[in-house]
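Remarks on the structure that follows.
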Amino acid sequence: MNRVSDMSYSGTFMSRIKAKYFYSPLASALTAVVGIVVLLVLWKAVSWGLLSAVWLPDANVCRETDGACWGFVAEKWRLILFGRYPYDLQWRPALSMGIVLVLLVVSAVPMMWHGVWAKRLLTSWCVGIVAFFVLMLGGIFGLESISTDMWGGLPLTVVLTLVGMTASVPLGILLALGRRSKMPIVSAVSAGYIELVRGVPLITVLFVAAFIFPLLIPEGIRIDPFWRVATGIVLFQAAYMAETVRGGLQTIPQGQFDAAASLGLTKVQMYRGVILPQALVAIIPAFVNSLLSCFMDTSLVTVVSMYDLTGSLRLALGDAFWRQFFLEGYIFIALIYFVFSFIISRYSLWLEKYLTGNKDRGHAIS
């Protein structure tokens, strides 16, 4: 019985392949040509990146081979991942990153969003964020004090993304609601802010936050560059988040507003309990796009002398002994970006199906 079903599945699979790629002589020829090119490229990549590669941190051996020199990554990976953070204290950013990643994984479990688990999760995040900054900054509990100027690599990329997205979501929701407000002043101010910020590139916002803003504050007051840059990212992302949320609000039928009003709900109750939950589910793909954009746009902080993952690679390439192996370094950080982005995108697809399925089951029960 199993053999028959396997043969049936194999026949169905081959039929689909034939119908999709070999449905005509021209399609068959094009498929064959593209397949050959892809196989050649894959063979070259495997030969260069694996078969002929040098894995030991020996630049002299790397110069004598035609393969990739992963020895550069083996030699400089700590500098790439942690930037200028003191070498003997890099266990602190590593532990900080571990705390954040564990919290992110736990937060992805639907069971943690309800009841007492939600309160515990919120408490865990508060403790985790405090622990992150205590470990990174030091100065207490016997930890050596480290300035944010020394932060870099993956921890800086992740914390800027988390701060930027976490703070921009509530601000973006307020701006979206303000733009839809019937009060002309509130609507005009919200729309003006959104259009102004969306018309300015992020690199300009970072430049203003890092170099112009300190000239405008009273003498004697100093705001840490990290927080100035983080605030600039938050304000920039909030404008885009506002338009994303506004698009989600426009997908909600007018009947939902009328039904909430007929129940005697206030504006706050209506948006918090009826409108926003539906709108936020609708914008999951756009939200993930903004998250990934923020995650990768953090590389722009190098223009204001902060060394994220990309900036730390440039520090590593400052060693003339290894400079010619820059391609391997960029492939390494590209893989890091890809892994994080792929996991986030796959989870967003699952989350959208999960929330949509729950909504459909709720409609069926009602």
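As a fraction of the 1.4 Å probe accessible area of the chain, surface on carbon and sulfur atoms comes out at 70 percent.
Could you tell me what fraction of 2.2 N^0.38 Å the Cα radius of gyration of the chain comes to, as a two-decimal ratio? Don't jump to the answer; show the numbers that get you there.
Numbers: Rg = 25.7 Å, N = 366, 2.2 N^0.38 = 20.7 Å.
In units of the globular-protein estimate, the chain measures up at 1.24.
Distance between the 7 Å Cα→Cβ label points at A286 and D149: 4.2 nm.
The 3J(HN,Hα) values that the Karplus relation (6.51, -1.76, 1.60; θ = phi - 60°) gives for the range 245-250 are, in residue order, 5, 4, x, x, 5, 6 Hz. Gly and Pro appear as x. Using the 1.4 Å probe convention, the accessible area of the range 157-258 works out to 51 Å² per residue with neighbouring protein chains retained.
So what are the range 251-318's ellipsoid semi-axes, whole angstrom, largest first, if each one is the square root of 5 times an eigenvalue of the alpha-carbon gyration tensor?
Working: eigenvalues 411, 26, 9 Å².
Rounded to whole Å, the semi-axes are 45, 11, 7.
If only the Cβ of Lys and Arg carry +1 and only the Cβ of Asp and Glu carry -1, the dipole of the range 238-366 around its Cα centre is close to 320 debye.
Only helices enter the 222 nm calculation for the chain: every DSSP H run of n ≥ 4 contributes -39,500 (n - 2.57), and dividing by all residues gives -23000 deg cm²/dmol, rounded to 500. Alpha-carbon geometry of the range 132-198: the Rg and the Dmax are 18.4, 55 Å, given in that order. Given the options L216, L177, L89, state which has the largest fluctuation in a GNM of the chain using a 10 Å cut-off (strictly under) for Cα springs. Per the Cα network of the chain with a 10 Å cutoff, L216 tops the list.
Restricting the calculation to alpha carbons of the range 181-277 gives Rg and Dmax of 18.4, 56 angstrom.
If you wrap the range 56-136 in the convex hull of its Cα atoms and look at it from every side, the mean projected area works out to 7.6 nm².
Taking 1 over the mean of 1/r across every pair of different Cα atoms in the range 211-366, what Kirkwood radius in Å do you get?
Values: mean 1/r = 0.0510 Å⁻¹.
One decimal place: 19.6 Å for the Kirkwood radius.
Counting every C-alpha pair in the range 111-254, the share spaced more than 26 angstrom apart comes to 43%.
Relative contact order for the range 1-154 using alpha-carbon pairs under 8 Å, separation at least 6, rounded to a whole percent? Mind showing how you got there, number by number?
Working: 115 pairs, mean separation 26.3, N = 154.
This gives 17 percent for the range 1-154.
Work out the FRET efficiency for Y87 and I252 from their Cβ-Cβ distance, taking R0 = 56 Å, and round it to the nearest 0.05. Approximately 0.55, to the nearest 0.05.
When the alpha-carbon atoms of the range 1-142 are used, the pair Rg, Dmax equals 26.3, 74 angstrom.
Loop only per DSSP, at most 10 neighbouring Cβ atoms within 10 Å: give me the trypsin sites (Lys or Arg not before Pro) in the range 42-101, ordered by residue number. Intermediate results must be reported in sequence, preceding the final value.
Values: sites: K44, R63, K76, R78, R84; in loops: R84.
Listed in order of number, the matching sites amount to none.
Taking amide H positions as modeled 1.01 Å from N, with prolines and chain starts lacking one, the residues under 5 Å from D308 and 5 or more places away or on another chain are G153, T302. Between the amide H of V54 and those of A68, C69, W70, G71, distances stay under 5 Å, these residues lying 5 or more places away or on another chain, with hydrogens modeled in the peptide plane. Across the range 69-76, computed HN-Hα scalar couplings (Karplus, 6.51 cos²θ - 1.76 cosθ + 1.60, θ = phi - 60°) run 10, 6, x, 4, 5, 4, 7, 10 Hz from first to last residue, x flagging Gly and Pro. Loop sites by DSSP among the chymotrypsin sites (Phe, Trp or Tyr not before Pro) of the chain, restricted to those with at most 13 other Cβ atoms within 10 angstrom, leave 142-320 as the longest stretch without any of them. Heavy-atom accessible area with a 1.4 Å probe sorts S305, S181, largest first, into S305, S181. With a simple spin-label model that places each label point 7 Å from the Cα along the Cα-to-Cβ direction, the separation between A188 and K18 comes to 7.0 nm.
Using a 10 Å Cβ count of at most 16 others and DSSP loop calls, identify the longest part of the chain lacking such GluC sites (Glu not before Pro). Provide the component values of the computation, followed by the final result.
Details: sites that count: E64, E144, E219.
Between exposed loop sites, the widest span is 220-366.
Find the relative contact order for the range 209-366 and round it to a whole percent, using C-alpha pairs within less than 8 Å whose residues are 6+ positions apart. Dividing the mean separation by the residue count of the range 209-366 yields 20 percent.
Sequentially through the range 48-65, phi angles give Karplus couplings (6.51, -1.76, 1.60; θ = phi - 60°) of 6, x, 10, 5, 9, 6, 10, 9, 7, x, 10, 5, 5, 5, 4, 6, 9, 10 Hz, Gly and Pro residues having no value and appearing as x.
Calculate the tail of P(r) for the range 8-82: the fraction of all Cα-Cα distances greater than 21 Å, expressed in %. Beyond 21 Å sits 56 percent of the P(r) for the range 8-82.
With the alpha-carbon atoms of the range 217-256 aligned to their principal axes, the span from lowest to highest coordinate is 56, 16, 10 Å, starting with the largest.
Take every Cα pair under 8 Å whose residues are at least 6 apart in sequence, average their separation, divide by the length of the chain, and the relative contact order is 19 percent. Counting only residues at least eight positions apart within a chain, or on another chain, there are no lysines with an alpha carbon under 17 Å from that of K44. The calculated FRET efficiency for V102 paired with L26, based on their beta-carbon distance and R0 = 45 Å, is about 0.25. Put a dot 7 Å past the Cα of T266, heading toward its Cβ, do the same for W55, and the two dots end up 6.4 nm apart.
Legend note: in the chain, cysteines whose Cβ sits 4.7 Å or more from every other cysteine Cβ are C126, C294.
The values are calculated or read from the model by the stated rules, or taken from the named source; none is laboratory data. In this text the structure is predicted, and so the values were computed from the model without any measurement. Glycine gets a Cβ as well: all are built from the backbone with ideal geometry, and neighbour counts include every protein chain shown. Accessible surface is based on the protein model in full, side chains and every heavy atom, while ligands, DNA and RNA are left aside. Shrake-Rupley method; radii C 1.70, N 1.55, O 1.52, S 1.80 Å.
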